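Inspection log for the structure reproduced underneath, given as structure tokens.
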Amino acid sequence: MLRSFAGSLSAVMLMTSAAFAQVPPDPNNPNENVPEKATYMPYGEAIKLDQAKKAADAALADATKRGWPMCIAVVTPSGDLVYFVKMDDCQYASISIAQHKAKAAATFRRPTVVFERLLGKGPFFSYLTTLDGVIGSRGGNPIVVNGKIIGAIGVSGGTGSQDDVISQAGVAAMK
């Protein structure tokens with residue numbers, strides 16, 4: 001009986017292995033294109049406290065001028081928090097959202113608006129939701145000095161567009 005079961009199991013495994021064969025490429029899927037070379041911005045030395053404060057202060061000044069209560073987080077390239085500001089009246093949910101946006105922008109080396117836009121393109125980009133640390137909401141931007149990512153800034157508290165405007169003010173202060 002054991003031999004019969006083992007034989008049946010082997011037959012089932014052989015028949016189903018064809019189902020797990022390589023899936024042919026989908027010409028409609030933009031992810032099927034394999035670039036010759038990977039392009040990315042390199043990481044630099046981690047942002048220092050005075051630099052993080054400078055970026056956050058610029059973002060804070062712009063948010064204050066516009067009357068938008070925001071949370072502002074600045075992180076190292078590894079996503080570790082260096083500096084954080086919560087304006088009065090900023091919603092509590094934005095504390096962790098700002099930090100998440102900053103960490104995603106730093107560790108994935110791209111603005112979080114990239115994820116938002118790719119997710120909006122449809123099912124070929126739904127895999128992004130399976131990646132740890134992705135946030136599909138604008139307002140997180142890398143901070144680049146001398147062509148290298150030294151950290152990132154994340155902002156939350158307004159609409160996505162408002163968050164991104166304030167985040168960009170922080171980035172601009174570092175140029």
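The values are calculated or read from the model by the stated rules, or taken from the named source; none is laboratory data. Keep in mind the model is a prediction, meaning the values are calculated, not measured. All Cβ positions, even for glycine, are placed from backbone atoms using ideal geometry, and neighbour counts span all protein chains on display.
Taken over region 117-158, the criterion of being aliphatic (A, V, I, L, M) and either surrounded by fewer than 17 Cβ atoms within 10 Å (Cβ to Cβ) or within 16 Å of residue 101 (Cβ to Cβ) (or both) is satisfied by 118, 119, 128, 131, 134, 135, 143, 145, 149, 152, 153, 155.
Look at residue 65 and say whether it is assigned to a helix (DSSP H, G or I) and touching a strand residue (DSSP E or B) at 6+ places or on another chain (Cβ under 7 Å).
no
Exactly one residue out of 97, 72 is assigned to a helix (DSSP H, G or I) and either surrounded by fewer than 20 Cβ atoms within 10 Å (Cβ to Cβ) or β-branched (Val, Ile, Thr) (or both), and it is 97.
With respect to residue 105, determine if the residue is farther than 23 Å from residue 40 by Cα, in contact with a helix residue (DSSP H, G or I) (Cβ under 9 Å, 6 or more places away or on another chain) and in a helix (DSSP H, G or I). Criteria not met by residue 105.
Taking first residues from region 59-72 that are acidic (Asp, Glu) and partners that are at pLDDT 95 or above, the Cβ contacts under 7 Å between residues at least 6 apart in sequence or on separate chains come to 62/166; 62/169.
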